[in-house]
Amino acid sequence: MNEKVYLNGTYFERNDALVSVFDRGFLFSDAVYEVTAVIKGFLVDWESHLSRLKNSLKEINLSFEMQEKEIFSIQKKLIDVNKIDEGLVYIQITRGVGHRDFNFEEDHFEPTIVIFTQEKKILNTNKAEKGIKIVTFDEMRWKRRDIKTTQLLASSLAKTEASKRGKDDCWFIEDGFITEGSSSNAFIINDNGEVITRELSPKILGGITRSSVLEFCKKNNLNFRESGFTKIEAKYACEAFITSATNFVVPVIEIDGHKIGKGVVGNYVKEIQKLYFNEIQKRLS
Ligand code: PMP
């Protein structure tokens, strides 16, 4: 596949972009990342993703000097040379290569920075139109889910298990309340049309799509509430959906084998999908 990948200042062919086995990203998942949607060659909510990336870096004490403008121009260049009309741009920053030691305080590291693209259909997908079926699992990730690290094994195992069971994805449950999806934020809508999603805290990743959806709800006078909800509330909700930069707004029509509402995509979610799409079109960069 003829595709360029940026690695530490150089644009490589995909298969030539190689990182040391002593990189702490490989040894310890000592790395943070962001994924940003690309629509018609433009980045969606780029500033918000950059700002969350800076926060993740700060939270793991990783100092990284690159200018924002430079990151933006590398991402734009890759979108251009890899001819990405609709898809994703990933940026991953690890603490770098060093002596294998849990304690990283003594070593001086040069961070590793990788930026790559992925062609992917995000709009008008089968899932966005027909909805997805999910299963719930006990929360099994670490306690700082607000930091977007590359420790994605628990989510990856959970998503694979959901797929083995013939479902599309999973929601995690902790202390009786849904936290979020394997790689998305979880929402329900009750009979009054009130949109409910978990409040921000270290228990969930503060999704950029989540916050845009809430902003658009506010702007368009749709009621919403940020609070925890249980599996029972989700089962008997009127509608449900997930949000992420990789899929935008996707309806959830079944949870643990139980239909949500009528078991088909409902009107509230369709309205939110439409709102989201119309609003983000106005702010592509
Ligand atoms: N929660 C988790 C655990 C995720 O991995 C993601 C996707 N990155 C999200 C929520 C959604 O965040 P965003 O809307 O910024 O993609």
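Listing for the model above:
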read-out	value
Share of alpha-carbon pairs per 10 Å distance bin for segment 145-285, given as whole %	11, 45, 35, 8, 0
Percent of C-alpha pairs per 5 Å bin, segment 72-190, short to long	2, 9, 13, 15, 16, 16, 14, 9, 4, 2, 0
Charged-residue dipole, Cβ positions (Lys, Arg, Asp, Glu), the chain about Cα centre, Debye nearest 20	860 debye
Space enclosed by the convex hull of the alpha-carbon atoms of segment 167-209, per residue, Å³	106 Å³
Percent RCO, i.e. relative contact order, over the chain, from Cα pairs under 8 Å lying at least 6 residues apart	19 percent
In segment 35-125, trypsin sites (Lys or Arg not before Pro) in a DSSP loop with at most 16 other beta-carbon atoms within 10 Å	LYS40, LYS83, ARG100, LYS120, LYS121
Anisotropy class of segment 125-174 from Cα gyration tensor, a/c 1.5 cut	prolate
Cα-based shape type of segment 1-160, given that a ≥ b ≥ c are square roots of the gyration tensor eigenvalues and the cut on a/c is 1.5	oblate
Qualifying lysines (Cα of each under 23 Å from Cα of LYS58; at least 8 residues distant if same chain)	LYS69, LYS143, LYS148, LYS203
Segment 80-127: C-alpha pair distances exceeding 12 Å, %	71 percent
Sum of -39500 (n - 2.57) over DSSP H runs of 4+, divided by residues of the chain (222 nm, nearest 500)	-8500 deg cm²/dmol
Heavy-atom accessible surface of the chain: percent carbon and sulfur, 1.4 Å	51 percent
Cα convex hull of segment 1-70, projected area averaged across orientations, nm²	6.0 nm²
Space enclosed by the convex hull of the alpha-carbon atoms of the chain, per residue, Å³	133 Å³
In degrees, nearest ten, helix 208-219 long axis to first principal axis of the chain (Cα)	40 degrees
HN-Hα J in Hz across segment 65-71 - Karplus 6.51, -1.76, 1.60, θ = phi - 60°, x for Gly and Pro	9, 4, 5, 4, 4, 5, 4
For segment 157-232: rounded, prolate or oblate by the Cα gyration tensor [a/c cutoff 1.5]	prolate
Ratio Rg/Rh, restricted to segment 191-254 and using Cα atoms, in which Rh is the Kirkwood radius	0.93
Accessible area expressed per residue, the chain, with surrounding protein chains retained (probe 1.4 Å, Å²)	51 Å²
Segment 230-285: trypsin sites (Lys or Arg not before Pro) in DSSP loop, at most 11 other beta carbons within 10 Å	LYS262
For segment 44-101, Kirkwood radius (reciprocal of mean inverse C-alpha pair distance, Å)	13.2 Å
Low-density loop positions, GluC sites (Glu not before Pro), segment 89-171 - DSSP coil, at most 16 other Cβ in 10 Å	GLU105, GLU106
Within straight-line cross-link reach of LYS218, aspartates and glutamates at Cα separation under 14 Å, skipping those fewer than 8 residues along the same chain	GLU194, GLU226, GLU271, GLU279
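The values are calculated or read from the model by the stated rules, or taken from the named source; none is laboratory data. The shown structure was predicted, so the numbers you read here are calculated from the model rather than taken from an experiment. So basically every Cβ, Gly included, is an ideal-geometry build from the backbone, and we count neighbours across all protein chains shown. Surface areas here come from the heavy atoms of the whole protein model, side chains and all, with no ligands, DNA or RNA. Shrake-Rupley method; radii C 1.70, N 1.55, O 1.52, S 1.80 Å.
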